[in-house]
Amino acid sequence: MKKIIKYLFLPLLFLFVITACSDEQNFDQARDLDVITDATGPILYFESTEALINSSPIITQNVNFDGFSSELFSDRVISGSLTFQIENTTSKQLEIRLEFLNEAGDPVDVETFSVDAAPPAVIVDREVFYGPATGKSIDIIKSTSSLRMIFTNNSGSTSVSSLPDPKLIFRSSASFKLRVIE
């Protein structure tokens, strides 16, 4: 009798273990994998002395920037932001216009900053968002191939700053989400 139980029990136990521990495997999960990373870095830095600002009422600077329009970036970017910081220790009230240009040189977006004269030192911070449900169209970033900065001096051509080494410093950085794997 013990031999019969032994011979029946072992196959039943084996059958139970095989069926109890197996689930249908879903290997299609890999298709649902979505890997997204953050890319952050500086974009543009411009520094000018008060003497240079006094020398011309309008200063224009063009910067070729193909980083946004490269396929590696533009095919994968989802959303992000540009952060601008302007520090003015000059005696000049300035207007700064930053134009985002496409390959044809046409503006696709514009950011304008009004900066008061110093002293005290004036710092302007602004963050602009791009992408779905966060702000401006991400297509603006994808089509940008260069930047044009236009600095307009609204305070004349004589320096009256009481601060040592008066300067205008324009900084910008970017932070974007990129889809690495779809």
Excluding ligands, DNA and RNA, what is the solvent-accessible area per residue of segment 37-180 at a probe of 1.4 Å, expressed in Å²?
49
Can you give me the % of accessible surface on segment 37-180 that is carbon or sulfur? Probe 1.4 Å, all protein chains present, nothing else counted.
52
Local net charge near T60, Cβ-Cβ under 13 Å (Lys/Arg +1, Asp/Glu -1):
0
When you count, for each residue, the other Cβ atoms within 10 Å and take the mean per peptide, how do 86-98, 133-145, 52-64 rank with the highest first?
86-98, 133-145, 52-64
Dipole magnitude of segment 90-182 about its Cα centre, charges +1 at Lys/Arg Cβ and -1 at Asp/Glu Cβ only, in debye to the nearest 20?
160
Do you know the relative contact order of segment 37-180, to the nearest whole percent, from alpha carbon pairs under 8 angstrom that are 6+ apart?
46
What's the Kirkwood radius of segment 37-180 in Å, using all Cα pairs?
16.0
Below 15 angstrom from the Cβ of L101, what's the summed charge of the other residues (Lys, Arg +1; Asp, Glu -1)?
-4
For segment 46-101, shape from the Cα gyration tensor axes a ≥ b ≥ c, cut at a/c of 1.5 then a/b versus b/c, turns out prolate
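The values are calculated or read from the model by the stated rules, or taken from the named source; none is laboratory data. As the structure is a prediction and not an experimental result, all values here were calculated from the model. So basically every Cβ, Gly included, is an ideal-geometry build from the backbone, and we count neighbours across all protein chains shown. In case anyone asks, the SASA skips ligands and DNA or RNA and just uses the protein heavy atoms, side chains included. Shrake-Rupley method; radii C 1.70, N 1.55, O 1.52, S 1.80 Å.
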